[in-house]
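All remarks here apply to the structure that follows.
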């Protein structure tokens, strides 16, 4: 059974206004205690399988002080990563300093995902973030210097009052950098965030749709292929780790609020730092039946622009995908298409993919 691993580091030196992930302000004494408990969790649950992809997310893993970051990477060096396995860490732009880049290179990290979001000062203020284009460009040069050229940037759009010219300016700056991948996110109000609490107004859905297709067209002109609803890459640089999720494959999740999917179980860790420190890592376990697993496969598989392989689906579940609720109807209506053995959502309906999935599930 092929496996991947996600590691959650919940600490941040700055709390963004839109983020509802499990996170907390940086406290060094908590970092040390957390890393000790994280090592225990990995030791107790990881069964020494060969791992295809390893991903360190957060929070802000890159905000760890250098000794703590090295302690984390030493812990993870006990995981058996496949030769040429994808090993990713998330960075904030301001953490792209040579000593940290040199360290992650030493521990064979080969992919970095950078949370840029936007270069627009007005929208950065909304997000409670700071990003400097020149500093980021120098940081990317440093990553390349240390042999890390698989670099992804996060692009956010859909701010209240954002114009097409502002989005185009971001797109021009993003694609001027030496990167291989771009993940895009429309700003969504999540509960328990300061934007939600302060009643921030979301943009008109029609304008958001215009932005979405503007991004697709611009990035494809610049050589970035859209391989998933919100993700674009140069050829061969798709996120292998995220494809594990979208292909409904197995993975471990270690750390606060991390989720695992192992055979027919989904396991979600506690989001309470105190419970985690007490060794009470698991919050809930969901036992999945065959129908549940098929539903997850449909929800995740249709996120990929290539869609779902019809023959592989039938081999895996012993069912013709066209016999599933409403699929033939959606094909007849043109909201699903079949080509070269795959069934997928055509580009003109990608923005409405959630509506299509609701009809299926």
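The values are calculated or read from the model by the stated rules, or taken from the named source; none is laboratory data. Just so it is clear, the model here is predicted, and its values are computed rather than measured. As a convention, Cβ positions derive from the backbone with ideal geometry for all residues, glycine included, and neighbour counts pool all protein chains shown.
Computed values, structure above
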item	result
Any hit, segment 337-349, residues being out of contact with any helix residue (DSSP H, G or I) (no Cβ under 6 Å at 6 or more places or on another chain), surrounded by 14 or more Cβ atoms within 10 Å (Cβ to Cβ) and modelled with pLDDT under 95	yes
Residue that is surrounded by the most Cβ atoms within 10 Å (Cβ to Cβ) [pool: residues in segment 140-165 that are assigned to a loop (DSSP other than H, G, I, E, B) and out of contact with any strand residue (DSSP E or B) (no Cβ under 7 Å at 6 or more places or on another chain)]	159
Residue that is nearest to the chain's Cα centre (by Cα), among those in segment 292-314 that are more than 13 Å from residue 246 (Cα to Cα) and surrounded by fewer than 19 Cβ atoms within 10 Å (Cβ to Cβ)	292
Unique match (being out of contact with any helix residue (DSSP H, G or I) (no Cβ under 6 Å at 6 or more places or on another chain), exposed (fewer than 13 other Cβ atoms within 10 Å of the Cβ) and at pLDDT 90 or above) among 208, 221	221
Lone qualifier among 150, 192 - being modelled with pLDDT under 95 and under 22 Å from the mean Cα position of the chain (by Cα)	192
Selection within segment 107-121 - more than 19 Å from the chain's Cα centre (by Cα) and touching a residue at least 12 places away in the same chain (Cβ under 8 Å)	107, 108, 119, 120
Members of segment 166-190 found to be assigned to a loop (DSSP other than H, G, I, E, B) and closer than 20 Å to residue 239 by Cα, listed by number	177, 178, 179, 180
Hits in segment 293-305 - residues which are in contact with a strand residue (DSSP E or B) (Cβ under 6 Å, 6 or more places away or on another chain) and assigned to a helix (DSSP H, G or I)	301
Lone unmet requirement of (1) on the phi > 0 side of the Ramachandran plot; (2) buried (at least 18 other Cβ atoms within 10 Å of the Cβ) for residue 114	(1)
The one condition in (1) surrounded by fewer than 22 Cβ atoms within 10 Å (Cβ to Cβ); (2) modelled with pLDDT of 95 or more; (3) under 21 Å from the mean Cα position of the chain (by Cα) that residue 179 fails to fulfil	(1)
Some residue of segment 86-96 being surrounded by fewer than 18 Cβ atoms within 10 Å (Cβ to Cβ) and more than 21 Å from residue 27 (Cα to Cα)	no
Candidate set: segment 235-248, residues that are touching a residue at least 24 places away in the same chain (Cβ under 8 Å) and touching a strand residue (DSSP E or B) at 6+ places or on another chain (Cβ under 7 Å); chosen: the one farthest from residue 45 (Cα to Cα)	237
Members of segment 121-139 found to be in contact with a helix residue (DSSP H, G or I) (Cβ under 7 Å, 6 or more places away or on another chain), at pLDDT below 95 and surrounded by 14 or more Cβ atoms within 10 Å (Cβ to Cβ), listed by number	131
Of all residues making up segment 96-115, the number that are closer than 27 Å to residue 162 by Cβ and at pLDDT 95 or above	4
Per-region count, segment 260-292, residues out of contact with any helix residue (DSSP H, G or I) (no Cβ under 8 Å at 6 or more places or on another chain) and not in a strand (DSSP E or B)	10
